Structure formats: C-alpha cells, structure tokens
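A quick write-up on the structure given underneath.
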Amino acid sequence: MLTIKLKAHEERRLRAGHLWVFSNEIETGEGFRNIAAGSLCRVFDSRNKPLGIGYINPKTLMAVRMLSSKANAEINAEWFAGRIKSALALRERIYPSPHYRLIYGESDGLPGLVVDRYGDVLVAQLSTAGMDALKLLVIEALQSVLKPRGILLRNDIAMRETEGLQQEVEEIGDVPDTVEIEESGVRFEIPLKAGQKTGWFYD
C-alpha cells in the first residue's frame, strides 16, 4: 500500500484526534501529484511511526482523510460493516422509528459518506474520490447490515467535481419515488429522487 510521510511536527493534529491531513503537511516527493485520487495510504510521522490509514487525493488541499488510527487495518466490507453497526446502535437508542441520518461522515468514522435511512430504503452520497473508490465495499456492507430493498446513490453534488468525480445518480434494487415518514406525530411524504441532497435529514 502507498505510504505517506508527514513533515516534522505535523502529526500533532492527528494524535489529538483530527481526521484530516493537509497537502502542505506532507513530505512530498517527485510523482506526488500523480498519485491516483482515492488511493488508500498508510500515514507515518517524520520519524516513521505509524499514524493510521486513510485515502488520498493529491489534487486537493485536504489531501488525506483518515479511516483508522491502526496502520494495519484492512479496509474491506467487514470493516465498513463494523462502522455501520456502531452508527446503527447509536441511532436505535435515540430514534423510535427507522427514519434518520444513519451515517454522517467523519462523525461516524466514514469521511465522505452520508447515508439516510427511510425504513427499508437507503439514500447515500459519496462525496470524495476515496469513498467513491470504495463504493462497492460500502454497498456490500450496507446490504449486509441493513438488508434494504433499495439504495439510491445521490452522487449529484458539486463537491464531487472538486474531487475529480462526475455527478451521477444510481439506483440499486427497488427505490420508490417517494417514502412516507412520521416525525413528532406528523406524517411527511419525502421525494427521494427529486429532493435536495440525500433527502429529509439535513442536520
């Protein structure tokens, strides 16, 4: 796997729990800008001590987004399923019905991924090159943990273009045009395909 080395003293933010590495913090060499956007990488400090694993886009200021503080982590469908299960357990303690934002990027340890749950239908958005490169693993994990009848990929936001990605919408399985949810005793009809972003849960 690709390895990235930070400049001296630039590891302090990561050790404090931050999940981003900026391009000016990396000890770059010849060919750095030619690294494929979305590549997985292991991150080391200037003394070659491992800091974790993430994915890189050398063409953006926020060059690396961290996935794990364990440099030997294997980023596969099982790993994604573990993160999804953790997020699911938290939401199920808070919400009385299965209608909520299930995955909220870095706050759930999955930078570049947002997933809204509408019962047995999921609406997901992959906003970064790294998460887009891992799309098949994301889908496999979502299907394994939640067994949805349909997943709508609303990858139609402008941020994807800054990451070198196309805007697109993709349906997997049975995705209805609208779903009905209840909030505080009031029922709402949510247009999944025509609505903004991933739908109802913006906050």
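The values are calculated or read from the model by the stated rules, or taken from the named source; none is laboratory data. Nothing here was measured: the structure is a model prediction, and the numbers come from that model. Don't worry about glycine lacking a Cβ; one is built from the backbone with ideal geometry, like all the others, and counts go over all protein chains shown. Surface accessibility is based on the protein's heavy atoms, side chains included, excluding ligands, DNA and RNA. Shrake-Rupley method; radii C 1.70, N 1.55, O 1.52, S 1.80 Å.
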**Complete:** Screening Ile94, Ile157, Ile75 for residues that are surrounded by fewer than 20 Cβ atoms within 10 Å (Cβ to Cβ), closer than 21 Å to Ile190 by Cβ and touching a Ser or Thr at 6+ places or on another chain (Cβ under 8 Å) leaves only Ile157
**Leading residue by the ranking (most open to solvent (accessible area, probe 1.4 Å)) among those in the stretch 160-169 that are assigned to a loop (DSSP other than H, G, I, E, B) and either without any contact (Cβ under 8 Å) to a residue 24 or more places away in the chain or hydroxyl-bearing (Ser, Thr, Tyr) (or both)** = Gln166
**Message:** I'd like to know if the stretch 31-41 contains one or more residues that are touching a residue at least 40 places away in the same chain (Cβ under 8 Å), within 16 Å of Lys135 (Cα to Cα) and among the polar types (S, T, N, Q).
**Reply:** yes
**Prompt:** Any residue in the stretch 123-146 that is open to solvent by 40 Å² or more (accessible area, probe 1.4 Å), closer than 18 Å to Arg91 by Cβ and in a loop (DSSP other than H, G, I, E, B)?
**Reply:** no
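Every residue, every condition in (1) within 10 Å of the chain's Cα centre (by Cα); (2) of a type outside the set (Lys, Arg); (3) closer than 18 Å to Leu165 by Cβ, yes or no:
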site: Gly52; (1), (2), (3): no, yes, no
site: Ala63; (1), (2), (3): no, yes, yes
site: Ala71; (1), (2), (3): no, yes, no
site: Tyr118; (1), (2), (3): no, yes, no
site: Ser127; (1), (2), (3): yes, yes, yes
**Item:** Odd one out for Arg83 among (1) closer than 15 Å to Gly112 by Cβ; (2) open to solvent by less than 40 Å² (accessible area, probe 1.4 Å); (3) of a type outside the set (A, V, I, L, M, F, W, C); (4) assigned to a helix (DSSP H, G or I)
**Value:** (2)
